[in-house]
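The values are calculated or read from the model by the stated rules, or taken from the named source; none is laboratory data. These numbers come from a predicted model, not from an experiment. Here the Cβ positions follow ideal geometry from the backbone for every residue, glycine too, while neighbour counts run over all protein chains shown. Side chains included, ligands, DNA and RNA excluded: accessible areas come from the protein's heavy atoms. Shrake-Rupley method; radii C 1.70, N 1.55, O 1.52, S 1.80 Å.
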Amino acid sequence: AAVSTTPNGQDENAGILSAGCKPKCSELPLLYPEKAFVGITGTELYLEACRLMEVVPVSHFIQNLAKPYINLNHHGLGPKGVKAIAIALVSNTTVTHLELEDNCILAEGAICITEMLRENSSLQELNMSNNHLDTAGAEAFASLLLDNMSYLHTLQLSGGSHCLCTFVSLQGNYQVKELDLSHNEFSEKGGQLLGQMLASNTALEILDLSWNHLRRKGTVALGTGLRGNGALKILNLSWNGIGNEGALALGEALKVNNVLVHLDISNNQINDEGAKKLCRGLEVNGKLKILKMASNPLTMEGATALLTSVRKNPKSMMEEINISNVLVNETFIKLLDLVCQMRPELDVIYGGVEGCITKIPKQHPNPMKVIQSTGGKKNVNRCCSLCKTNWLISGLIQMSVHPYHKATAIADFHRTLH
């Protein structure tokens with residue numbers, strides 16, 4: 001049987017089919033000895049791969065194989081199940097977005113996916129989060145990114161992959177535009193590698209690094225790389241414990257960075273002192289539009305400093321400041337009104353105003369009026385009878401037989417009255 005090949009004469013399925021679990025590349029022509037490989041449909045190939053891998057085919061995958069989006073999150077695929085899927089996608093030209101989160105793929109499955117990506121020319125968005133990739137799996141993705149051998153522009157590797165090597169591989173990658181590396185516990189060392197990557201990467205536009213324990217040293221290194229970065233537009237650093245020193249490093253980066261438009265530093269132990277250090281950058285930055293600082297220990301002092309920095313900066317493009325946990329006072333509100341007269345697009349989200357009720361309690365409708373408006377007096381009378389009966393019966397659990405009959409008689413008497 002004929003086998004399709006790449007321009008260099010190699011079997012285009014050789015990589016994925018020799019990634020460490022059956023079937024091997026030599027077995028592929030035996031799948032359909034009476035046909036040419038190029039004539040096999042994706043569904044046929046997937047079913048045969050499932051048979052050889054001894055896994056149950058996923059009907060949802062088969063039903064959507066001809067569509068651009070396939071969501072297989074939480075399907076319990078395991079490494080063998082994802083191997084069968086990878087085989088079916090090697091030559092697929094319709095699927096552009098694949099979700100594989102939480103499938104216990106492990107390093108073995110990750111290697112299969114990366115080998116498939118080296119051959120596939122249509123897949124652009126991939127979610128591999130929470131799959132216990134371990135070091136070998138992370139290194140497989142790092143190698144893929146370093147070689148620029150895929151068409152991916154969105155990649156999610158959140159949760160437990162500990163892929164520090166991904167940072168280094170991104171230094172020379174010019175394909176990936178959006179990357180989620182949250183919940184990976186990179187620590188301060190990861191922040192240092194990240195700073196090196198940001199200093200040289202020219203493609204990455206969206207980066208999520210939340211919940212990574214970057215802390216002070218990691219954020220300082222990150223800020224250094226951010227100064228010379230000319231591509232990153234959205235950066236999420238929430239839940240990293242960066243503190244006031246981290247805020248200072250970001251403030252210094254904002255003085256010279258003219259690309260970043262969205263910065264999330266929520267839940268980072270930044271107090272009023274840290275906010276003032278960040279303001280050094282906000283006073284001169286002419287690009288940042290959204291600043292999220294919720295759940296930091298800020299007071300009126302820090303909130304006022306942030307608002308004043310926008311007021312002082314004639315080049316400011318700020319549209320949103322989120323300090324939703326901060327309770328402000330009337331003085332702050334007056335300052336905000338003054339700033340908004342100059343910048344009507346600015347929206348400051350704060351917790352409330354001291355001495356004021358910020359929300360009117362929700363008014364629930366009178367149930368009797370609702371019944372009257374929908375059913376009339378007749379239904380009201382029936383409802384009253386039912387309510388009285390239920391009220392009487394509600395206490396019958398502990399009653400003896402005689403009180404029960406007496407309560408029932410009273411209920412019947414009330415019904416006759418209506």
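Structure notes:
- Accessible area per residue, Å², the range 251-359 with all protein chains present, probe 1.4 Å: 46 Å²
- Cross-link pairs exceeding 28 Å in C-alpha to C-alpha distance, out of K189/K292; K277/K334; K217/K289; K80/K177; K312/K334; K67/K289, comprise K80/K177; K67/K289.
- Annotation: peptides 125-137, 84-96, ranked by per-residue average of other Cβ atoms within 10 Å with the highest first, follow the order 84-96, 125-137.
- The Cα atoms of the range 64-135 give a gyration tensor whose axes a ≥ b ≥ c have a/c of 1.5 or more with a/b greater than b/c, which makes the shape prolate.
- Neighbourhood net charge (10 Å Cβ-Cβ; Lys/Arg +1, Asp/Glu -1) for H74: -3
- Protein heavy-atom surface of the range 182-225, 1.4 angstrom probe: 47% of the accessible area is carbon and sulfur, with nucleic acids and ligands not counted.
- Packing-based ranking of 257-269, 67-79 yields 257-269, 67-79, ordered from highest to lowest mean Cβ neighbour count within 10 Å.
- Under 5 Å between amide hydrogens, built in the peptide plane, is the criterion, and for L214 it picks out S187 among residues at least 5 positions away or on other chains.
- Placing +1 on the Cβ of every Lys and Arg and -1 on the Cβ of every Asp and Glu, with nothing else charged, gives the range 148-278 a dipole about its Cα centre of roughly 300 debye.
- If you take all other residues with their beta carbon under 11 Å from the beta carbon of K217, and give Lys and Arg +1 and Asp and Glu -1, the sum is +1.
- Cβ crowding within 10 Å averaged over residues, with 101-112, 292-303 ranked highest first: 101-112, 292-303
- For the range 217-356, the Cα gyration tensor yields ellipsoid semi-axes of 23, 17, 11 Å (square root of five times each eigenvalue, largest first, whole Å).
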